[in-house]
Amino acid sequence: MDISIATAMGLSIFLFPLLLFVSGKFKWVPGLRFKIASLLIYTIWCLINLILEQQGNVIGWRWLAGGLCISAVLLVSFMFWSVLCWGYTLSMLLCLAENHSVDSQKHWEDLYAGPEGIRKLTTNRIGVLIALRFAFIEKGQLILTKFGELSAVIIQTGSSLFGIAS
Amino acid sequence: MKEQIVSLIIGSILTAFHIVWVIAMIRKIIPNKFSSMLIHVLSAICTLSILLVLWITDVNFYFWLAFSVILFGISGCLFVFGAVYKSLSIRFLLMTKAQGKLVSFDLLDVLITKVSFAERTNILCNMGLAIKEKGGYRISKKGLRVAKRIVWLRKLFRIKTTGLY
């Protein structure tokens, strides 16, 4: 295996989870922990690659290949990380496991979302759209921005391609 | 230089093959009974195997460059699918667009969040993690086992979120 690619794969598969583990010792939110760990992986790999390049072991295309390999592993890692941190179904399961049983779906909703009820979840996920500048709130209504409209069209196309009804 | 361009072309063509194959399988254009996740995995194995065959048969290209392009394509495809599959935020976005660019919180509550909660209770029941009984639900032995593993993993990584951003 190419040494530069092996380094990229090794760093992203083995060192990255370790960095996420260590970052737990700081009072950072999960999103920031992921960003910092990712940045460190790219930085360390760039430094190692520069050293290899000085020794004549790295040719131009290996920068692209290694970068793509790291990005691929980080994309998949982010999927697992986001499910573990913010997964909807996963949180519902943990809530049920904690309480062992619920009398009705409404009871489950209340235990899951607290006294505010399921509206809390709606408000929380709307916050994501606002943070990404897809939408804004005016007079209690969610309104799409131009960017949000364009994104909706692109996402709708993606959903249709996969045959996902929305 | 020629080999690098050939590698990029091979990588791009095989990535396109993977994406088309996944879409055809998920949309059941090619009849199958596989789950979406299994389709992604099987197609990825198939695509990387083709690359391996090309490499073994002495086609002149940089294997690792083509491999990295395909690896990124496969994970990108999985990421996009995961994002559009069940994301609540994306459903909100699409619903707002469908309603003429603005929508009330109440409508999102009723049409998406509550419906989505019901869908997920069914998913948990179908997976054997929860059991429906007398109008309510209880956790199954399998559900408790899975939940314990998740809690262990969350403790290991010191994740203290409650499922909300």
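The values are calculated or read from the model by the stated rules, or taken from the named source; none is laboratory data. All of these numbers come straight from a predicted model, not from anything done at the bench. Cβ placement follows ideal geometry from the backbone for every residue including glycine, while neighbour counts extend to all protein chains displayed.
A few remarks follow.
- Those residues of region B:1-42 which are over 17 Å from B:TRP64 (Cβ atoms), in a helix (DSSP H, G or I) and not hydrophobic (A, V, I, L, M, F, W, C), in sequence order: B:HIS18, B:SER36, B:HIS40
- Residue within region A:74-95 that is assigned to a loop (DSSP other than H, G, I, E, B) and at positive phi present: no
- Total residues in region B:107-131, condition more than 7 Å from every other protein chain (Cβ to nearest Cβ), under 23 Å from the mean Cα position of the chain (by Cα) and either closer than 14 Å to A:ARG125 by Cα or not charged (D, E, K, R) (or both): 8
- Criterion (at pLDDT below 90 and within 30 Å of B:VAL6 (Cα to Cα)) met by exactly one of A:ASN124, A:ASN57: A:ASN57
- Total residues in region B:73-86, condition closer than 18 Å to A:SER77 by Cβ, surrounded by fewer than 18 Cβ atoms within 10 Å (Cβ to Cβ) and more than 7 Å from every other protein chain (Cβ to nearest Cβ): 1
- Residue list for region A:29-82, filter: among the aromatic types (Phe, Trp, Tyr), surrounded by 15 or more Cβ atoms within 10 Å (Cβ to Cβ) and more than 9 Å from chain B (Cβ to nearest Cβ): A:PHE34, A:TYR42, A:TRP45, A:TRP63
- The set of residues from region B:124-157 being of a type in the set (Val, Ile, Thr) and in contact with a Ser or Thr (Cβ under 6 Å, 6 or more places away or on another chain) comprises just one member, B:ILE131.
- Residues in region A:144-154 include at least one that is outside the structural domain of A:SER91 (by TED's automatic domain parsing) and within 15 Å of B:LEU107 (Cβ to Cβ).
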